[in-house]
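Have a look at the structure below, then the notes.
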C-alpha cells in the first residue's frame, strides 16, 4: 500500500452537450482512487454530438484547445471521452502527461476479461469508424461485432426506452456473436453500465471508467507519452 | 473514343503555402484529359505545412470548408493534396462527387506497377501516419518501406539540395528495401517526379497526378461516394 | 486542361466468345477520354468461357499471345478483361506498357467509393479464386462478400432473367453484407452496370471501365511496369 | 475522489526463486493506490526460473495451485508475474476475480505511450514465445522487436553487469528498431525500470507494475472474467 | 520403392481414459506403412478428459513425462493425440525425434484437400482454443468454422447418439460455412472417420492418422526438430 | 503395422529438362514406403526451366496434360515438382486423387520442425512468387526469408560451385534471418538436401520428398480432393 498520490486528470467530452459532460464526470470520479482529482469539461465551441467523420473533425479542434489549456492548468493526464477517440494522436503530441481515449481503453480492457467483445454503439453510421479503431488498436480479432441501437447521442438521456434498446442489442450480441464481454460504444452510456452488467450477467465496460483508471495507473507508474519521434511536440509554424 | 466530357475538379492543398498550391495545380493539370478543368486552392486559414497529427487536425477543418464551398461552386470531384489524407472520410460525407486523397491514390496506383513500393516522405515523425494509412488502404503488404529525407515541407522548394536528398533516399530504398516503385510522400515533391523517374529508372508516382486522374476516371464512369450508410451526409446538429 | 494524347489500349477478353468481346469493347470505349483508341480482341484459341482454375490456365496462354502480338502492334497498355485476372503477372513481364486486370481495378476502385464492396460473380465455384485475388490485392478487409448468381458466363447474354438474378443477388448483398458498393464479377456483365446502379442506388463498378480508365491514367502519367526485378522481361530459354 | 476501497491482490511469481518474489513484491506494492493490499508468493514446487516451453509447462501447475489457494484465501484478483504468462487462460477459469499476466499488461500498456515498443528479454530462446504472445494479444503490429540480453533469469540479480547489458540492448532497440517504448521482458528486471527510464529517455514498462495496477483498476470497476462460455469454471472430472 | 524402414512411433493420449487410448492406437496403426511400429499410451496421472485450459495445463505435465520416458525407450517420433495439442512446444524441446500434434496435422492436411475446413469439436468451451491454434498454425484463413456437438469427451464412446450428432453438425458446416473438408476435433472421434466420410461425401480428417503419418514421413526423410535456438534441449535447473 | 498398400504416384516435373526429371525421380523414390510406385515425367512441350510468371503460365498447360494422361493411366495421386506450384489448383480440379505441390508441402512441413524457415531459391526474380505462395498457404508468418543464390535452374546441375553457393546462402539465412529450418526452393536442388543438412546442422527440406510422402499419406488415409464446390471437375465447354 502506497501513500496517496495527488493527481489531477482532465476528462474532455469533445462534444458540447453539458449534461453529457456531467454524466461523464460522475463515471470518471466513481472509478478513481483516493487522492485522484478529476475534472470534466467540454470545448467552448463545436457540435452537440459526434456521429460522423465530419463531426469528429470539427470536435477535434475544440478538444485540442482543452488539452492546450490543460497544460497551462497543470494536469497530469487526460481522457478523451468520445468513442471515436477524436484527435487522440494529436493530443499526445501536445500533452506532457498521458492521454487515453475511451475506445482504446475499453477495447483493450476487454482483452483481460474474455475471448471476444461486442461494441454497442449509437448509430449504424459510426460502425465503420469503430472497426477502424479496432484494427488500429490490434483488437479486431477479439471484436465479435459492433452493433448499433439507432439512438442518436443526444437522445440517450432523453429517450425513456434507451436502456431497454441498448440491453436488447447487447443480448443479441451475446446470443448471435458469441461475445462474452460488452463494450459501451458511447460516453453517454456510462451511467447505464452497472445496471446492464447486472442484467446481462457478463462484464460490461464503460470506456470513461476504463480510460480514467488507465490514465491514473500510467501517472502512478511515472509513464508519459514517448517524445522520441512521432509524438514529440509538434513543430512550431506559421498559421494563416 | 468518347466526346470530351466537361468536368471540374477542385484540388485542395490543405496547407496555406500558396507557392505549394501552385506546384500542385501544375502537376494536376498536366495529368488530366482535354475537357477536364482543374482548380487548386488553399484554405483561408490553417498551418503553413502539415508535419504532425496536430497540424493535420487543424488543417482538416479548413479543407472541409473548401469542400463545402466547392459544393456550392459546382465541382464534380475533389482531390485532397496532402500525403496524410487529412479529413478524407469527412470530406466524403460532405461532397456529392468523389473525393480522393493523394496517399491512397499513389499507394493503390503502385499496385499496378510492381511488387513493392517505398514511400519517400519529408520528416521521420510522419512515418507512423503513413504506415497507418498503408494499413487502412490494404497496401501495407506491398509497402517495402517509408523513408524520410528530413527536409521540412516548406523547405522543399527553397532548399537547393532537396532534389539530391530525395533521390539519394530513393536509391537507398531500391538498394535496401527491394522496392521496385517509388511513391512521393508529399504533394510538394510533385514537380520532381519526372526527373526522379528518369534518374532512378523505376516508376515514380506523384500522388497529385494519381489522385487527379483517379477522380477524373470516377467522374467519367459516373461513380460517386456511396451514400448508403457511413458516408451519407452528416446529420444536422447544433454547434455551440 | 492538356492537349489530347494519342494512345492505343488493347483490351483482351481471354475467352473466345466474340459476342462478349464486343460487349467488352463497348464498355471500354465508353469510359475513355478523347484521343484514346481502344481495341478489344479474343485469343485465336482457348475456352469459350472461364469458370474454373483449369479454364484460367488454358486461357492464360492465348491471352499472352495477344500481349506478344500487341507489343509488335504498338499498344501503349493492356487490359485483361476476365475477373480472374488470368496471366496478369506474366503479362506484366512481357508488355512494356502497363497491364491492368479487371478484378484488381474494380476492387481497388471500390476503395474510393465506400466502406465495403460485395462482388456479384457467375458461378459459386469461382468464389474462392475471387477471394484469393482480394487477398493478393490487399482489399480482403473491405470485401464484405462474394456472391454468385449461378448463371454460367455464356448464358449472361442469352438468359432473359440474367439481369433480375444479378440485381437480386446485389440487393441481398446490400441487405445482408452491409456492402455500400457492388463490384461486377464478370466482364460479361459490363453492359448491365448503368442499369444496376440506377436500380440499386449505390455505386456499381464495371471492371472493364475501371481497368481501361486506369491504364489510360497510367499511360498519361508516363507510368509503366517496373522492370527492376520480378517483372523484367522473362529470360529467353529453350522450349521443347 | 472516491473512498479507499479495501482490496487484496495476489501476485504469483511462477518460479521458485524467493529473492525474485521479493523483488516482484516491491515493484507491485510501489504501484498500487492506498487501500490496496498486495501479497507476492511462489509455488511450493517447480523450476527456479522459466526459460523454455518445458519450464513453463511445469511452472503452470504450481501457479494454478496458488490460484486455487487464493480463492480460499479470499483474493480479489491475481497477477501472473512471468513474461511468458504461463497458465493465464487456465487461471481465468479457476479464479472468480480478474487475472492479468505481465506480458499482456505491459505490451497493451505500451500502446498508450508510443508508436512501437521493443521487448528486452533474457535468453534468445524465449523470443519465439514472446512473439506468439504479441500475436495473441493483438500487439504484434506495434512490436518493433524482441531482443535478448543473454543473461539467464537467475543471474539478473547476481550479475553485476546485468544493468548495463540490458541498457545497451535497449539502446540498440531505440537506434535500430525505431522503438519509442521499451518493455522489460522478465519480472526479475522490475527493480531496474526507473533507472533505465531515466537513462534511456523513453518510457520503460515494468510488467509487474502494469499488471498489478490493471488488476486494481478492474477490481475497482467491478469487472471480473466473463464466465459465459470459455472461462466458466472447468468441468469437474476424475483424475487418475 | 524403398526397403521397409524399421521405425517406432509413440502416440500419447494426454488424458487418462484407457479406452480412448485403445481407439487412438487402432486409428494410428491403420494409417502407417509396413515396418512402422506404433505404441499408444496414457500418462499415469492426470484428468480423464481435456475440456478446458485447466485440464490442458494439468495434462501437459503427464504427457511430458511420457516423452521423457520415450527418449529412454528409443522412439523415433511422437504424436500428441489431443486436439488442443497440449504441451507440444515443450515436447519438441525434450524429444530428439519429431513431435506432431493432431490439431496441427489435421488442420494443415486440410489445406491439401480443399478451400476451407470446419472443425467439429466436443464442447463449445473449447472453440476458442481451437481458433487460437488455427491462428498459430497459419490456417485461420482456411478455417470456415469451429462447431461443437456438445458431447463431453468421455461420452463420445458411451452415447449412442454421438455419431448422428457429429454427422448433423458436420452437415450444418457444409451447408452454412461453405466448408468442403471436415476436421474431427477430438482424438476420441477417430473411429467415426471413415463412416462420416462415406455419409458426408467430403474428405473427413482424423488427426490421429494425419499426425501419425506425418511423423512417419518426417522420420523417413530424416527430419527432426531443429535444435538451433528455441527448441534446443531446455536448460537444466533446480526444482524446488 | 499395416499390409503394404499398392499405390502409384505420378511426379510431374513441369519443365522439359529430362536430367532434372531424373534427379526428381530419385528423390521421390528414396522417400516413399515399400509398395509405393513412383513415376516421374516431364511434359512433351514447354520451357526448359521455370523462372518467371511467363514460364509458369506456359508450363502449366503441359503439366495439366500430364495430369489428364495420368487419370487414364490410373495414378492414385500426383506431385507437381516445381517450387512455383504451377497449375496446382487446376490440377486438383482434373485429378481424382490428391495433388500436392512441392512449395506447399515443404513450407507446411517446416512448421513441424522449427519456429521459422528461410527458402533458398534460384533467381531473385522468383522471390515475389514464393512470398505469394507463403501467404496463400498461411505460412508467411513463419517464413523468415526467401533468398536467392542467383544460379539459373538449368545451371544447378552444371555449375560446380552450385553446392557451395547454396550452402553459403543458407548459412546467411541462419545467421541473419534467425531461421532454424531451410527449405530448398527448387526441385533441381533435391539431390543436395542430405549434404546440406549435414553441413548446416539444421533440418533442410526437399519439397520433392515432402510432397511425395504427403501424397502417399493422403492416399493411405483414403483422402482425396473435395469435389464439393471449387474443385469439382471443370465444366465441359467449347474450345476455339
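Could you order the peptides D:89-97, F:63-71, C:37-45 from most to least packed, using the average number of other C-beta atoms within 10 Å per residue?
Per-residue Cβ counts within 10 Å, averaged per peptide and sorted highest first, yield D:89-97, F:63-71, C:37-45.
Note down the nm distance, to one decimal, between modelled labels 7 Å out along Cα→Cβ at residue E:177 and at residue A:124.
In this crude spin-label approximation the distance works out to 2.9 nm.
Using label points projected 7 Å from each Cα along Cα→Cβ, tell me how many nm separate residue C:168 and residue A:168, to one decimal.
For the pair residue C:168/residue A:168, the computed spacing is 3.1 nm.
Taking a ≥ b ≥ c as the square roots of the Cα gyration tensor eigenvalues, with a/c under 1.5 meaning rounded and otherwise prolate when a/b beats b/c, else oblate, which class fits region C:1-118?
oblate
Under the Kirkwood approximation applied to all pairs of distinct alpha-carbon atoms, what is the hydrodynamic radius of chain E in Å?
Computed over chain E, the radius equals 17.9 Å.
What's the Kirkwood radius of region F:169-240 in Å, using all Cα pairs?
After inverting the pairwise mean of 1/r, the radius is 15.4 Å.
Sorted by packing (mean other beta-carbon atoms within 10 Å per residue), highest first, where do F:129-142, D:214-227 land?
Highest-to-lowest ranking by the protection proxy: D:214-227, F:129-142.
Put a point 7 Å out from Cα along the line to Cβ at residue D:44; what are the distances to that point in the other copies, in nm, shortest first?
Relative to the other copies, residue D:44 has label-point distances of 2.1, 6.7, 8.0, 8.0, 8.8 nm.
Using Cβ contacts closer than 10 Å as the measure, can you line up D:126, A:212 from fewest to most?
In increasing order of surrounding Cβ atoms, one gets D:126, A:212.
If Rh is defined by the Kirkwood formula over all Cα pairs and Rg also comes from Cα, what ratio Rg/Rh do you get for region A:121-191?
Answer for region A:121-191: 0.96.
Between residue F:37 and residue E:37, take the C-beta separation as r, use R0 = 35 Å, and let me know the FRET efficiency to the nearest 0.05.
For residue F:37 and residue E:37, the calculated efficiency is 0.90.
Please check: in the Gaussian network model of chain F (C-alpha springs, under 10 Å), which one of F:213, F:16, F:36 has the largest mean-square fluctuation.
Most flexible of the set in this elastic network: F:36.
Taking each residue in B:88-98, count the Cβ atoms of any other chain within 10 Å of its Cβ, then average. What number comes out?
For peptide B:88-98, the averaged partner shielding equals 4.
As a test of understanding, state the convex hull volume per residue of region F:57-140 from its alpha carbons, in Å³.
Taking the convex hull of the Cα positions in region F:57-140, it is 100 Å³ per residue.
If we hang a label 7 Å off Cα along the beta carbon direction at residue A:199, how far is it from the matching labels on the other copies, in nm, shortest first?
Relative to the other copies, residue A:199 has label-point distances of 4.3, 4.3, 5.6, 6.6, 7.2 nm.
Rounded, prolate or oblate: which fits region B:72-118 when a ≥ b ≥ c are the square roots of the eigenvalues of the alpha-carbon gyration tensor, with rounded for a/c under 1.5 and prolate only if a/b beats b/c?
Prolate shape, in that a/c is at least 1.5 and a/b is the bigger ratio.
Shortest first and in nm with one decimal, please list how far the residue F:233 label point sits from its counterparts in the other copies (point 7 Å along Cα→Cβ).
Here the equivalent label points are 4.4, 5.7, 5.9, 5.9, 7.7 nm apart from this one.
Point me to the residue of chain B whose C-beta lies closest to the B-onto-E rotation axis, rounding the distance to whole angstrom.
Taking Cβ atoms only, the nearest residue and its distance are B:141, 7.
Helix-only mean residue ellipticity at 222 nm, chain D, DSSP H runs n ≥ 4 weighted -39,500 (n - 2.57), per residue, nearest 500. What is it?
Calculated from helices alone, the mean residue ellipticity at 222 nm is -12000 deg cm²/dmol.
Just checking the output field for C:104-113: average partner chain Cβ neighbours within 10 Å of each residue's Cβ?
Across the residues of C:104-113, the mean count of other-chain Cβ atoms within 10 Å is 6.
With contacts defined as alpha carbon pairs under 8 Å and 6 or more residues apart, what's the relative contact order of chain E in percent?
23 percent
Could you compute how fast the protein assembly as shown diffuses translationally, taking Rh as the Kirkwood radius over C-alpha pairs and applying Stokes-Einstein at 37 °C with viscosity 0.692 mPa s? Give it in µm² per second.
Result for D is 100 µm²/s.
Mind checking E:210-217 for the average number of partner chain beta-carbons within 10 Å of each residue's beta-carbon?
The shielding value for this peptide is 5.
Whole Å is fine, so just give me how far the alpha carbon centre of region B:109-179 lies from that of region D:107-125.
26 Å
Give me the distance in nm between label points sitting 7 Å out from Cα along the Cα-to-Cβ direction at residue A:158 and residue A:239, one decimal.
Placing both labels 7 Å along Cα→Cβ, they lie 3.3 nm apart.
Gap in Å between the Cα centre of region D:4-54 and the Cα centre of region E:25-48?
Centre-to-centre (Cα) distance: 41 Å.
A short reminder: the numbers here are calculations on the coordinates, not readings from a lab. Small disclaimer: the values here were computed from a predicted structure and weren't measured. Ideal geometry is used to build each Cβ from the backbone, glycine not excepted, and the neighbour counts take in all protein chains shown.
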